[in-house]
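To keep things clear, I will list the structure first and then write my remarks on it.
Values in this text are rule-based calculations from the coordinates and carry no lab data. This one's a predicted model, so the numbers in the text were calculated from it and none came from an experiment. Cβ sites come from the backbone with ideal geometry, for glycine too, and all protein chains shown count toward neighbours.
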Amino acid sequence: MAGGAKAAELIARGARLALAALFVYAGVVKALGPGEFALAIDNYRLLPFPLAAALALYLPWLEIASGLGVLWPKTRLGALSLLAGLGLVFLSALASGVARGLDIECGCFGHGHAGRPALIASLVRAALLVLVATALLWRESRVPQKGKPIVP
Amino acid sequence: MKQAGALLLIALLPALVAAALHPRRPAWSRELMSMPEVTLEQTRHWEGRVLWVDARREADYQQRHIPNAVWLAEEQWERQLPEVLQVWQPGVSVVVYCNDEGCALSQSVARRLRRDTGIDGIWVLKGGWNAWLGAQKRRS
């Protein structure tokens, strides 16, 4: 039993590191080129351009902050909630792009491959990230917080 | 909730700084950021001094393309760009196209082309490949 719990914690730690690294990297790449990211968001034709521009300026920093937040126990729960939420938003946008047959690039990691096959690959990747973030979130929500009663 | 709120706020400060100072910050209007568009009709006045660049998938390009168009895709950029530059001459306008109005590939390729080559006269074909096809059908 104890061995199982240790293994689970190791896997969770690895998953947190990978998730954090991915979102911090994605955030940094997009923070370096917010203009291009704004155009990538605009290509989905879901938002007015000024809002796309505002998101292009803000989202990369939220990804960086949340990615780093996953690594610190005091902010982990909130960070995982945000990453799961962000992942769901990206997933919805990608699904919408695929469903409408848009020939665009994901915009997930700054400059990337454009076109439908690349978009579908990004969709699958986003779904996996949401899955991992949600699983970690569920696990973290069951960790006893200091000063709060242990929930069985 | 508090943790998420704190992270949302922490991200806001660098975002505001970027909005004010980032050299590659977005304009607040799409038109200011888009590559200029040109219609097929307008290109006819350029007396053939046009280099067509096809930004669609390679399979689509191989199947059919605007006569003398070169293929340039982002995933083959390092390999294809020198070949495109070999064909281009000063004074020739570059017109990039992809499938249609809903396709953003041509804008993306045109922007990257301008950034990487410094060529001034780079345009995006309004209506893309579909516009050219439509024009061919109207002629026949």
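For peptide B:10-20, the mean count of partner chain Cβ atoms within 10 Å of a residue's Cβ comes to 6.
Summary of the geometry: the range A:43-72 and the range B:72-140, compared by the centres of their Cα atoms, lie 30 Å apart.
Per-residue shielding of B:72-85, expressed as the average number of other chain Cβ atoms within 10 Å of the residue Cβ, stands at 1. Here the protein assembly as shown is treated as a sphere whose radius is the Kirkwood value from Cα pairs; by Stokes-Einstein at 10 °C and 1.306 mPa s it diffuses with a coefficient of 75 µm²/s. By the helix-only formula, in which each DSSP H run with n ≥ 4 contributes -39500 (n - 2.57) and the sum is divided by residues, chain B has a 222 nm mean residue ellipticity of -14500 deg cm²/dmol. Would any residue of the range A:25-51 have its amide N under 20 Å from a label point 7 Å out along Cα→Cβ of A:Ala99? List them or say none. It comes to A:41-48, nothing else. When the Cα positions of A:Ser141, A:Leu51, A:Gly107 are compared along the charge dipole of the range A:21-142, A:Ser141 comes out farthest toward the positive end, with charges on each C-beta of Lys, Arg, Asp and Glu. Inter-chain neighbour count for A:101-107: the average number of beta-carbon atoms from partner chains within 10 Å of each residue's beta-carbon is 4.
Residue exposure proxy: B:Trp77, B:Trp129, ordered by other Cβ atoms within 10 angstrom of their Cβ from fewest to most, comes out as B:Trp77, B:Trp129. Over 5 Å intervals from 0, what percent of Cα-Cα pairs in the range A:35-99 sits in each interval? Values per bin, smallest distances first: 4, 18, 22, 22, 17, 11, 6, 2.
Taking a label point 7 Å from the Cα of B:Asp60 along the Cα→Cβ vector, which residues of the range A:31-46 have an amide N closer than 17 Å to it? Answer for the range A:31-46: A:43-45. Of the residues B:Leu113, B:Pro26, B:Gln42, the one whose Cα sits farthest toward the positive end of the charge dipole of the range B:16-140, with +1 on the Cβ of Lys and Arg and -1 on the Cβ of Asp and Glu, is B:Gln42. Helix A:49-71 and the longest principal axis of the Cα set of chain A meet at an angle near 20°.
Mind pulling the angle between the C-alpha long axis of helix A:2-32 and the longest principal axis of chain A? Nearest 10 degrees, somewhere in 0 to 90. Orientation of helix A:2-32: about 30 degrees from the principal axis. Among the trypsin sites (Lys or Arg not before Pro) in the range B:1-58, those located in a DSSP loop and surrounded by at most 14 other Cβ atoms within 10 Å of their own Cβ are B:Arg24, B:Arg49.
All C-alpha to C-alpha distances of chain B, sorted into 10 Å bins beginning at zero, yield P(r) values of 11, 36, 26, 13, 9, 4, 0 percent in whole numbers. Derived value for the range A:21-142: Kirkwood hydrodynamic radius 14.5 Å. Basis is the mean of 1/r over every pair of different alpha-carbon atoms.
Among A:Leu19, B:Leu8, A:Leu131, the order by Cβ neighbours within 10 angstrom, fewest to most, reads A:Leu131, B:Leu8, A:Leu19. Listed by Cβ neighbour count within 10 Å, with the fewest neighbours leading, B:Cys103, B:Cys98 appear as B:Cys103, B:Cys98.
With respect to chain B, whose longest principal axis is taken over its alpha-carbon atoms, helix B:128-139 is tilted by about 30°.
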